[in-house]
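Q: The structure under discussion is supplied below as structure tokens; questions concerning it will follow.
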Amino acid sequence: MRGVSLSTAERWAAGVAVVVLLLHASGFGDALEYRRAFLAHEPWRLLTGHLVHINWPHAAINAAALLIVARLFAPDLSAPRQMVILLSASLMISLGLAALAPGILWYRGLSGVLHALFFAGAAKWLLSVQQRTVRALWLPAALFVGGWIKITLEQPAGDALPYADWLGAAVVPQAHLIGAACGSAFGLVLALADRPGHEQPAEKQ
């Protein structure tokens, strides 16, 4: 019986998921979380705030979601691309929260970055489909459009933060919005960058 074959992107995502769980177990969340007041003197929080979580369910759900999203979009997003998206989105989300939502004083979690990865993969898939038919387009279109509907509906007014009973704390939909915007932009750029390669097989026929 053959073992489960994992792509490089999936193995890399598994490594990040392990880091997420280990960081939560370490109890270093207070020193690593996004804190708007501390960013100037502790800039590492721009990145590390996305790796620490509020509680075990929060950390476990995000770690599992990373594995699922990485596997779903591995055909379109290689390991280096996924790493660039996650790192860049971390910075953009943190800077976006600091500039656009000054009332959000602290933040923990991978969910905003997961939205960036999801939308990058969905946009890249949607824009790279060669056969522009309903059969070929419906799934990536459903993921992309459905994702944006979810993002739009969950947005609160201003800096308000809806409370989640399962989390035992407030969630930050604004981070999801910034992540989704970043991911959509990444997906567009990647689709444009790969377009010549997609056209070559058609030219040879």
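Q: Count, please, the residues in the stretch 13-32 that happen to be surrounded by 14 or more Cβ atoms within 10 Å (Cβ to Cβ) and either part of a helix (DSSP H, G or I) or within 17 Å of the chain's Cα centre (by Cα) (or both).
A: Counting residues in the stretch 13-32 that are surrounded by 14 or more Cβ atoms within 10 Å (Cβ to Cβ) and either part of a helix (DSSP H, G or I) or within 17 Å of the chain's Cα centre (by Cα) (or both) gives 11.
Q: Check off (1) buried (at least 22 other Cβ atoms within 10 Å of the Cβ); (2) closer than 22 Å to ALA17 by Cβ for ALA123 and give me the number that stays unchecked.
A: (2)
Q: Something else now. Touching a Cys at 6+ places or on another chain (Cβ under 7 Å) and either in a helix (DSSP H, G or I) or surrounded by 18 or more Cβ atoms within 10 Å (Cβ to Cβ) (or both), is that true of ALA89?
A: Numbers: touching a Cys at 6+ places or on another chain (Cβ under 7 Å): yes; either in a helix (DSSP H, G or I) or surrounded by 18 or more Cβ atoms within 10 Å (Cβ to Cβ) (or both): yes.
Spelling it out, ALA89 is indeed touching a Cys at 6+ places or on another chain (Cβ under 7 Å) and either in a helix (DSSP H, G or I) or surrounded by 18 or more Cβ atoms within 10 Å (Cβ to Cβ) (or both).
Q: Select, from ALA157, ALA122, ALA116, ALA136, the only residue that is more than 23 Å from VAL52 (Cβ to Cβ) and either of a type in the set (Val, Ile, Thr) or modelled with pLDDT of 95 or more (or both).
A: So the residue among ALA157, ALA122, ALA116, ALA136 that is more than 23 Å from VAL52 (Cβ to Cβ) and either of a type in the set (Val, Ile, Thr) or modelled with pLDDT of 95 or more (or both) is ALA122.
Q: Read through the list (1) part of a helix (DSSP H, G or I); (2) exposed (fewer than 13 other Cβ atoms within 10 Å of the Cβ), then give the number of the only condition that GLY103 fails.
A: (1)
Q: Now, a different point. Is it true that VAL84 is closer than 17 Å to GLN174 by Cα, outside any loop (DSSP other than H, G, I, E, B), of a type in the set (A, V, I, L, M, F, W, C) and modelled with pLDDT of 95 or more?
A: no
Q: Can you find, within the stretch 48-86, the residue that is surrounded by the most Cβ atoms within 10 Å (Cβ to Cβ) among those that are under 24 Å from PRO140 (Cα atoms) and among the small types (Gly, Ala, Ser)?
A: Restricting attention to the stretch 48-86, the residues satisfying the condition of being under 24 Å from PRO140 (Cα atoms) are 61-86.
Then keep just the ones that are among the small types (Gly, Ala, Ser); that gives 63-65, 70, 74, 78-79.
Values: ALA63: 20, ALA64: 11, ALA65: 17, ALA70: 26, ALA74: 19, SER78: 16, ALA79: 17.
Out of the qualifying residues, it is ALA70.
The values are calculated or read from the model by the stated rules, or taken from the named source; none is laboratory data. Model, not experiment: these values are computed from the prediction. Positions of Cβ are backbone-derived with ideal geometry, glycine not excepted, and every protein chain shown enters the neighbour counts.
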